[in-house]
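Enquirer: What follows is a structure written as structure tokens; I'll ask about it next.
Laboratory data are not the source of any read-out in this text; all were calculated from the coordinates shown. This is a predicted model, so every value here is computed, not measured. Cβ: placed from backbone, ideal geometry, glycine included. Neighbour counts: every protein chain shown.
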Amino acid sequence: MIRIQSEALATEPVLATLESDAPAVGAVCSFTGLARDLGDQSGVQSLFLEHYPGMTEAAIQAVVDEAAQRWNIHRTEVVHRVGEIQAGERIVFVGVSSRHRQDAFEACQFIMDYLKTRAPFWKKEITADGHGEWVEQKTSDREAAQRWSESDGL
Amino acid sequence: MIRIQSEALATEPVLATLESDAPAVGAVCSFTGLARDLGDQSGVQSLFLEHYPGMTEAAIQAVVDEAAQRWNIHRTEVVHRVGEIQAGERIVFVGVSSRHRQDAFEACQFIMDYLKTRAPFWKKEITADGHGEWVEQKTSDREAAQRWSESDGL
Amino acid sequence: MAESSIAIRFFASLRERLGTGEERLPAEGIACVRDLREQLRQRSDEWAELLSDDWVLTAVNQTMAREETPVNPGDEVAFFPPVTGG
Amino acid sequence: MAESSIAIRFFASLRERLGTGEERLPAEGIACVRDLREQLRQRSDEWAELLSDDWVLTAVNQTMAREETPVNPGDEVAFFPPVTGG
């Protein structure tokens, strides 16, 4: 399930869904990204996340579909917040359940890496004085995603 | 924090601890392992987990310390159940917080892989008729742990 | 009656700097993304600069596109900076 | 008075098959893990078989050990199968 929402991101119900397939499935890997207080500029108090309704969901679905082709995974849950987000709040949750630990880990990491470079979200950092600055894409995020296309022919 | 317990494993408070360092830290990766209904034999209804009190905690701490040397991680939480565990219940939780996504993912996966081969826990599968069978160590778990010593000279 | 215009959308810093989020343009003379981009760049030095930037990405009908991707009447074409979600 | 015995522990399938979880042995004549293991193997064909198995692991004072690891009076030596947690 893929959800884009402006409300606070609650992870408990999503984790419960991922675990609900046990005992048939025994491995759940999840990642939570939280708004940090420092990014390209210091003194960041909140973020503003813009997205492209429709395309964003489709782009994430394409990443999830690709993960499902590469790994033996059972269920995937992606929740991404948009709008204004205070420092310390959750921005993104990606969770994957699988029969196998390694599949859960790798698929979860793959989805996060590709989401960072393929899903249309744009982040603006807002300081205490109200000044906003759009965040530049990180080289490390591009490299993290490229890693998966250079790896073995899975 | 490392905990070995016979009570049910609640993940919410542990995840809350991992996220409590935000906004200084923005990435949390976690893994939950649940008792599956099939292992080396079918019809498994519950597991019995034995450990070596004292050594088990020390062995996990050594794995966590090694992870902290290899990656830039902030906080690690490991909870492992022992005693009787019903199919579908959580057996193990490993969570890592970090400033960086990749460090959180890799350290979490490393700790799970090494915990599987280095921490003294032994699993017995019990079928509906009460028959118990000790689980044999999996080649895949040995290989997963070996991977980390063969990789680049980090 | 067939649709005869193209819907154009701008996002994030591009939207802010161009001062517009969406508009419609006649489809006439536009066969691919490059044609549309060149037409938009005629508007001013600022448009020329912003839409020539290597970092601007394009989507046609909400799918990532290239310079040569065809554009037809009724299509939605979006321009935006590299993404920074998650 | 100095401790003059060694604490021995067995876990999991080894504990069940040997029928004992812990005991104490005089430290005399035991300098390393190999000495202790060989002494225990004298007890019966079953002990000889179970404690010669390649898969049996050993810890001295709760740290993984090898055949040559020294064993001193007062030490705790544990024998157990490969681990299967998590």
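Enquirer: How much net charge surrounds B:Asp65 when only the other residues with a Cβ under 14 Å from the Cβ of B:Asp65 are counted, with Lys and Arg +1 and Asp and Glu -1?
Expert: Net charge in that neighbourhood comes out at +1.
Enquirer: In degrees between 0 and 90, to the nearest 10, how far off the longest principal axis of chain A does helix A:139-150 point, with axes built from Cα atoms?
Expert: Relative to chain A, helix A:139-150 is tipped by roughly 20 degrees.
Enquirer: A follow-up question, please. Note down, for the range A:2-150, the three equivalent ellipsoid semi-axes (square root of 5 times each alpha carbon gyration tensor eigenvalue), biggest first, whole angstrom.
Expert: 28, 17, 13
Enquirer: Counting each DSSP H run of 4 or more residues in chain B as -39500 (n - 2.57), what helix-only mean residue ellipticity at 222 nm follows after dividing by all residues, to the nearest 500 deg cm²/dmol?
Expert: Theoretical 222 nm ellipticity from helices: -11000 deg cm²/dmol.
Enquirer: Treating only the Cβ atoms of Lys and Arg (+1) and Asp and Glu (-1) as charged, compute the dipole magnitude of chain D about its Cα centre; round to the nearest 20 debye.
Expert: 140
Enquirer: Relative contact order, percent, of chain A when contacts are C-alpha pairs under 8 Å separated by at least 6 residues?
Expert: Relative contact order here is 32 percent.
Enquirer: Indicate, rounded to the nearest 5 percent, the antiparallel portion of the DSSP beta bridges found entirely in chain B.
Expert: 90
Enquirer: Once you average over the residues of A:139-148, how many Cβ atoms of partner chains fall within 10 Å of each Cβ?
Expert: On the way: counts 0, 3, 7, 1, 1, 3, 0, 0, 1, 0.
Rounded to a whole number, the mean comes out at 2.
Enquirer: While we're here: Nearest 10 degrees, 0 to 90: what angle lies between the long axis of helix A:101-118 and the longest principal axis of chain A (Cα atoms)?
Expert: 40
Enquirer: Turning to a different aspect of this structure: If the only charges are +1 at each Lys and Arg Cβ and -1 at each Asp and Glu Cβ, what is the size of the charge dipole of the range A:2-150 around the Cα centre, to the nearest 20 debye?
Expert: In debye, rounded to 20, the range A:2-150 gives about 320.
Enquirer: Using only alpha carbons, build the gyration tensor for the protein assembly as shown and give me the equivalent ellipsoid semi-axes, biggest first, whole Å. Please report the intermediate quantities before stating the final value.
Expert: Values: eigenvalues 642, 95, 68 Å².
Ellipsoid half-lengths, sorted descending, are 57, 22, 18 Å.
Enquirer: Still on this structure: Treating the beta-carbon of each Lys and Arg as +1 and of each Asp and Glu as -1, no other charges, what is the dipole magnitude of the protein assembly as shown about its Cα centre, to the nearest 20 debye?
Expert: Charge dipole of the protein assembly as shown: 180 debye, to the nearest 20.
Enquirer: For a protection proxy built on the mean count of beta-carbon atoms within 10 angstrom, sort B:132-140, A:5-13 highest first, please.
Expert: Values: B:132-140: 14.7, A:5-13: 12.6.
Peptide ranking by packing, descending: B:132-140, A:5-13.
Enquirer: Cβ neighbours within 10 Å, averaged per peptide: list B:71-77, B:19-25 in order, most packed at the top.
Expert: So the peptides B:71-77, B:19-25, ranked by packing, come out B:71-77, B:19-25.
Enquirer: In percent, how large is the relative contact order of the range B:26-103, given Cα pairs closer than 8 Å and 6 or more residues apart?
Expert: 51
Enquirer: Put the label 7 Å from Cα along Cα→Cβ for C:Arg34; what are its distances to the other copies, in nanometres, shortest first?
Expert: Values, ascending and in nm: 7.7.
Enquirer: Between beta-carbons, use under 11 Å as the cut-off and find the net charge around C:Arg34, counting Lys and Arg +1, Asp and Glu -1.
Expert: Overall, the nearby charge balance is -1.
Enquirer: Among C:Leu36, C:Leu25, C:Asn61, whose Cα sits farthest toward the positive end of the charge dipole of chain C (+1 at Cβ of Lys/Arg, -1 at Cβ of Asp/Glu, about the Cα centre)?
Expert: Looking along the dipole axis, the top candidate is C:Asn61.
Enquirer: Give me a single rounded figure for B:118-125: the average over its residues of other chain Cβ atoms within 10 Å of their Cβ.
Expert: Counting other chains' Cβ atoms within 10 Å and averaging over B:118-125 gives 6.
Enquirer: Further question on the same structure: Just name one of A:Ile60, A:Trp71, A:Ala35: the one whose Cα is farthest towards the positive end of the charge dipole of the range A:23-88 (beta-carbon charges, Lys/Arg +1, Asp/Glu -1).
Expert: It is A:Trp71.
Enquirer: Can you list, by residue number, the Cys in the protein assembly as shown that have no neighbouring cysteine C-beta under 4.7 Å?
Expert: Result for the protein assembly as shown is C:Cys32, D:Cys32, no neighbouring Cys Cβ within the cutoff.
Enquirer: Just counting partner chain Cβ atoms within 10 Å, what average do the residues of peptide A:50-60 show around their Cβ?
Expert: 4
Enquirer: Mind telling me which of D:Val56, D:Val33, D:Val71 comes out most flexible in a GNM of chain D, alpha-carbon contacts under 10 Å?
Expert: D:Val56
Enquirer: On to the next question. Taking only pairs that are 8 or more places apart or on different chains, how many Lys pairs in the protein assembly as shown have Cα atoms under 23 angstrom apart?
Expert: Value for the protein assembly as shown: 8.
Enquirer: While we're looking at this one, here's another question. Can you tally the net charge around D:Gly85? Count Lys and Arg as +1, Asp and Glu as -1, for every other residue whose Cβ sits under 10 Å from the Cβ of D:Gly85.
Expert: Cβ neighbours under 10 Å give a net charge of +2.
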